[in-house]
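First comes the structure, then the notes that go with it.
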Amino acid sequence: MMKGKHIILGICGGIAAYKSVYLLRLLVKAGADVQVVITPAGKEFITPVTLSSLSGHPVISEFFTANTGSWNSHVDLGLWADAMVIAPATASTIGKMANGIADNMLVTTYLSAKCPVFLAPAMDLDMMAHPSTSRNLELLRSYGNHIIEPGVGELASHLVGKGRMEEPENIVKAMEAYFASKCDLSGRRVLITAGPTYERIDPVRFIGNYSSGKMGFAIAEECARRGAEVTLVSGPVSLKCSNPHIKRIDVESARQMLSAAGEAFAGSDVAIMCAAVADYYVENQADSKIKRENNEIPQIKLQRNPDIAATLGANNRPGQVLVGFALETDYEAVNAKLKIEKKNLDFIVLNSLRDKDACFGTDTNKVTIISRDGSEKPFGLKPKADVAKDVVDEVVARLQK
Ligand code: C5P
């Protein structure tokens with residue numbers, strides 16, 4: 001469940017910080033990639049050297065790295081994480097988190113994080129019982145954070161009461177249970193095509209398009225995050241996959257893409273055709289570079305490429321969900337609906353080139369999901385990672401029908 005997950009481990013200044021070392025060890029052993037963010041007080045309890053050795057990453061505490069002056073981006077960290085766990089969470093940090101007091105890297109990162117956040121409070125029994133702590137924890141719960149209740153027992157002060165940080169094994173279990181509940185694609189195999197195709201003219205030139213692959217890669221990451229085994233057939237792009245459950249097959253041309261996708265399709269429960277496939281390939285490809293000095297102007301002879309989505313759609317077995325994308329400039333919905341029929345799709349994700357900040361190369365997109373029955377679900381402009389969630393939610397709804 002934790003394999004490949006990006007986890008931010010936040011450590012505050014409490015005696016229970018010694019248990020965070022063990023928590024870090026368990027998370028790493030479970031296959032997570034862990035970035036530690038520690039408060040200045042936390043460093044009084046546990047040394048960054050221990051934590052960086054175990055996590056394999058420098059520990060972050062300050063906004064700037066003293067020796068290089070480089071800026072630690074809480075925004076990038078917040079977007080990178082699949083989950084954030086703050087253990088121990090002290091009364092002070094809980095208060096800051098509840099009230100948005102972003103005076104250190106840990107709280108700033110928390111405020112930027114879009115992922116689920118888990119808190120394992122640890123403090124003396126009277127601090128725990130104080131109405132201010134209860135109110136702050138209640139506020140954090142109401143924001144959707146997961147509070148891992150502290151246990152009752154002997155505390156560092158030798159007093160006995162509620163305030164012992166939950167044991168690291170149980171913190172990991174709570175996180176695993178959360179991820180398990182979100183794995184609605186567990187055991188499913190998903191095929192995704194992404195990026196452009198390049199159709200060779202000669203060894204140095206090609207016909208291509210502006211597709212960056214960002215939308216398809218975001219969908220691949222979302223499916224993998226939700227438990228699917230993903231095969232991503234990608235045209236030439238400069239993107240990397242981060243989830244180990246994504247099997248990536250790089251291709252160049254539409255015909256290569258069809259061959260790879262066709263092979264994976266039979267064993268797939270879902271196929272999402274995101275690629276911007278070239279409509280034609282060059283029949284008279286030159287084996288050596290076409291030279292300008294030639295007397296005649298070269299003529300490129302085009303031949304129709306296979307329609308990958310339509311080929312798969314023609315071989316669709318019952319229960320398989322096939323999704324297409326449509327990028328249109330005019331009569332968008334009408335054209336998209338025609339494609340549903342032509343390619344035998346379950347639904348199509350329409351985006352219009354007329355929408356600003358949507359489509360090629362951008363990090364945002366604005367789509368409408370159109371179903372076979374003609375119903376339309378329009379969505380607002382949002383990051384491609386969030387569009388991916390909407391598309392995958394629709395896929396899951398179809399699988400559950
Ligand atoms: O026909 P059009 O290219 O507009 O259709 C777009 C949809 O069909 C996308 O889902 C795209 O990935 C898929 N497609 C394909 N093979 C092609 C052309 C488009 O799979 N040759």
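The values are calculated or read from the model by the stated rules, or taken from the named source; none is laboratory data. Small disclaimer: the values here were computed from a predicted structure and weren't measured. Every residue, glycine among them, receives a Cβ derived from its backbone with ideal geometry; neighbour counts consider all protein chains shown. Side chains included, ligands, DNA and RNA excluded: accessible areas come from the protein's heavy atoms. Shrake-Rupley method; radii C 1.70, N 1.55, O 1.52, S 1.80 Å.
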request  = Could you order GLU167, GLU293, GLU394, GLU221 so the one with the most accessible surface comes first? Probe is 1.4 Å.
outcome  = GLU293, GLU167, GLU221, GLU394
inquiry  = Along the Cα→Cβ direction, 7 angstrom out, place labels at TYR143 and PHE360. What is the inter-label distance in nm?
reply    = 4.1 nm
note = With no solvent term and unit scatterers on the alpha-carbon positions of the chain, Debye gives log₁₀ I(q)/I(0) at q = 0.06, 0.09, 0.13, 0.14 Å⁻¹ of -0.32, -0.65, -1.05, -1.14
ask   = Put +1 on the Cβ of every Lys and Arg and -1 on every Asp and Glu Cβ in the chain; which of THR108, GLN35, VAL172 then has its Cα farthest towards the positive end of the dipole?
value = VAL172
task = Just report the Cα centroid separation between the stretch 329-356 and the stretch 121-137, whole Å.
result = 54 Å
query = Not counting the cut sites, what is the longest span of the chain without chymotrypsin sites (Phe, Trp or Tyr not before Pro) that DSSP labels loop and that have at most 11 other Cβ atoms within 10 Å?
reply = 1-142
key: the chain - accessible surface per residue (Å², probe 1.4 Å)   = 48 Å²
query = If you count the DSSP beta bridges with both ends in the stretch 189-400, what percent of them are antiparallel, to the nearest 5?
reply = 35 percent
ask   = Straight-line reach from LYS289: which lysines have a Cα under 26 Å away, not including same-chain ones fewer than 8 places off?
value = LYS301
task = Just read off the accessible area of THR39 with the full protein assembly in place, 1.4 Å probe, to the nearest 10 Å².
result = 10 Å²
message = Accessible area of the chain with a 1.4 Å probe: how many percent of it is carbon plus sulfur?
response = 53 percent
request  = Please say if the stretch 16-100 is rounded, prolate or oblate, where rounded means a/c under 1.5 for a ≥ b ≥ c the square roots of the C-alpha gyration tensor eigenvalues, and otherwise the choice is prolate for a/b larger than b/c and oblate otherwise?
outcome  = rounded
task = Could you check what % of the DSSP bridge pairs in the stretch 6-181 are antiparallel, to the nearest 5?
result = 25 percent
request  = Distance check, please: which entries in LYS337/LYS377; LYS182/LYS389; LYS3/LYS173; LYS114/LYS247 exceed 18 angstrom between their Cα atoms?
outcome  = LYS114/LYS247
task = Quote to one decimal, in nm, the extra length available between ALA314 and ASN99 on full extension: 0.36 nm per residue of separation minus the C-alpha distance between them.
result = 71.8 nm
ask   = Distance from the Cα centre of the stretch 20-94 to that of the stretch 198-265, in angstrom?
value = 33 Å
ask   = Taking 0.36 nm per intervening residue step and subtracting the Cα-Cα distance, what contour gain separates ASP393 from GLN303 on full extension?
value = 28.7 nm
ask   = Hey, what number do you get for the chain at 222 nm if only DSSP H runs of n ≥ 4 count, each worth -39500 (n - 2.57), divided across all residues, to the nearest 500?
value = -10000 deg cm²/dmol
